[in-house]
1. Does residue 393 meet the test of being touching a residue at least 60 places away in the same chain (Cβ under 8 Å), assigned to a helix (DSSP H, G or I) and over 29 Å from residue 66 (Cβ atoms)?
2. Tell me, yes or no, whether the stretch 33-48 has at least one residue that is within 19 Å of the chain's Cα centre (by Cα) and at pLDDT 85 or above.
3. What about residue 203, is it part of a helix (DSSP H, G or I), farther than 16 Å from residue 386 by Cβ and not charged (D, E, K, R)?
4. Quick one: which residue in 52, 86 is part of a helix (DSSP H, G or I), farther than 26 Å from residue 326 by Cα and open to solvent by 10 Å² or more (accessible area, probe 1.4 Å)?
5. If I go through the stretch 242-282 residue by residue, how many of them are open to solvent by less than 30 Å² (accessible area, probe 1.4 Å) and free of Cβ contacts under 8 Å to residues at least 12 places away in the same chain?
6. Can you name the number of the only condition in (1) touching a residue at least 40 places away in the same chain (Cβ under 8 Å); (2) over 17 Å from residue 402 (Cα atoms); (3) assigned to a helix (DSSP H, G or I) that residue 299 fails?
7. Taking the stretch 294-318 on its own, how many of its residues are in contact with a Gly (Cβ under 8 Å, 6 or more places away or on another chain), among the polar types (S, T, N, Q) and either at pLDDT 85 or above or surrounded by fewer than 23 Cβ atoms within 10 Å (Cβ to Cβ) (or both)?
Amino acid sequence: MIDGLPLPRRYVAIGAISAGTALVIIDGGIATVALPTIARDLHVDNSAVVAVVTVYQLILAMMILPFAGLGDKFGLKRTYQFGQAVFTVATLLCFFAKSLPFLLVVRAAQALGAAAALSVSSALIRSIYPAKQLGRGLGINSVVVSSSAALAPTIGGLVLGIAPWPWVFASAVPFAILSLILGRALPAPQPRDEPFDVLGAVLCASMIGLVISGAESAVHGDSPVVSAAIVAVGVAIGWFFIRRERGEAKPILPIDLLARPVIALSAIGAYTAFTASMTLLLSTPFRLQHGYGFTAAEVGAAIAPWPLTNMIVAPLAGWLSDRVPAGLLGGIGMGVSIVALTLIALLPVDATYFDIAWRMALCGSGFGLFLPPNARLIIGSAPRERAAAAGGLVGTVRLVGQTTGATLVAALLAMGVGAGTTPPLVAAGLALVAGLCSLARLRPSIRNPRSEEAEDEQPGTQVSR
């Protein structure tokens with residue numbers, strides 16, 4: 001078996017994955033700054049126009065795992081390119097939106113394309129890089145994801161400063177086309193002629209969609225009874241779905257992978273880490289504006305050290321994860337983050353920009369040290385024929401964790417404690433859980449896979465015989 005792509009083709013393939021990932025992440029967040037303008041131009045309420053963002057996020061979370069299953073069936077490269085093509089066409093159609101319903105339909109199509117591309121991107125990274133450099137590749141991809149999410153509002157603001165809001169979406173089309181062209185260099189693992197579990201895919205999407213929708217409905221002040229009923233239906237579908245998946249050889253929800261303690265602990269750690277980071281990042285602007293009198297521009301400058309530090313630390317962590325056990329790196333990273341989050345909670349009443357910035361930088365470095373090695377462990381511990389499922393698990397955990405963080409912040413704000421010390425302390429507690437999950441993977445019984453499970457052996461492990 002060929003281990004990774006040869007140079008220079010590998011660089012072109014990396015460029016395709018990086019460009020495609022940046023596009024779908026940026027386009028998911030770039031609309032946020034344009035919402036007031038869209039509401040005014042389309043003559044709709046501000047509360048209604050928020051659906052432009054929530055529809056995209058919800059469908060993305062619902063569809064990543066089903067598309068990961070399709071990637072195994074039809075081929076990773078074909079699924080990725082199909083997703084990019086759908087995303088490109090839908091992005092172009094956003095330019096012609098003259099009503100909110102039409103815009104929501106094309107945003108849903110964008111999310112479908114993005115889900116197809118993101119569902120197989122981690123599996124493609126595993127095919128692009130040699131096994132001994134997998135951590136490096138996932139570190140680079142982590143930087144692309146975090147920096148794209150951080151840059152999206154800035155890019156949206158710049159475009160709105162010189163052009164009408166449809167250009168916020170349409171400006172990405174040339175880069176999407178470039179990504180499609182570069183994508184010809186991607187590896188093309190052979191598709192497998194096996195049945196696709198359509199009912200499982202529908203149940204998976206319904207479970208995630210109903211639980212998230214019900215939770216979002218509750219924190220936004222809708223009827224508690226209706227919200228609870230929506231969540232209950234989602235949980236009931238999930239119970240039936242998981243029982244059904246136990247009998248599947250390659251389940252849509254990768255419970256076969258989650259049955260491995262090292263992957264289960266990594267998934268729980270990633271979920272709590274993403275929830276913690278989103279809890280802090282979304283609550284901080286409220287605290288800085290209401291409690292410290294910062295302007296919007298000053299808030300952005302105060303938070304900026306987080307992604308900037310992450311861009312430096314994440315590739316280093318990815319490189320280290322090819323040599324050092326991920327459990328140790330993750331434990332150290334979450335330890336740093338817990339200290340930083342506690343210091344953020346204990347900010348002095350007369351805090352300056354510097355007081356906030358260095359704490360944010362410290363926090364960003366902790367999460368940057370945790371996330372790439374954690375993703376490497378999930379992707380590298382899965383059998384090669386389940387690489388797409390493992391990648392789908394990574395993407396779904398990230399999205400559901402971020403959504404949970406956003407819902408948690410909304411709930412804390414509704415309780416009147418979302419703009420104070422509570423969110424960073426809650427985030428510190430979540431980071432503690434992530435750190436404990438990471439350190440638990442250092443136990444030999446968890447760290448050392450059985451010989452029949454071993455794939456890309458993890459640094460610091462020995463295959464049990």
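The values are calculated or read from the model by the stated rules, or taken from the named source; none is laboratory data. Every value quoted in this text rests on a predicted model; they were computed, and no experiment measured them. Note that we place each Cβ from the backbone using ideal geometry, even for glycine, and neighbour counts take in every protein chain shown. Protein only, heavy atoms only, side chains kept; ligands, DNA and RNA dropped before computing areas. Shrake-Rupley method; radii C 1.70, N 1.55, O 1.52, S 1.80 Å.
1. Values: touching a residue at least 60 places away in the same chain (Cβ under 8 Å): yes; assigned to a helix (DSSP H, G or I): yes; over 29 Å from residue 66 (Cβ atoms): no.
No; evaluated as a whole, the condition is false for this residue.
2. No - not one qualifying residue is present in the stretch 33-48.
3. yes
4. 86
5. 1
6. (1)
7. Residues in the stretch 294-318 being in contact with a Gly (Cβ under 8 Å, 6 or more places away or on another chain), among the polar types (S, T, N, Q) and either at pLDDT 85 or above or surrounded by fewer than 23 Cβ atoms within 10 Å (Cβ to Cβ) (or both): 1 in total.
The rows are residues; the columns are (1) at pLDDT below 80; (2) under 14 Å from the mean Cα position of the chain (by Cα).
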site: 148; (1), (2): yes, yes
site: 156; (1), (2): yes, no
site: 165; (1), (2): no, no
site: 169; (1), (2): no, no
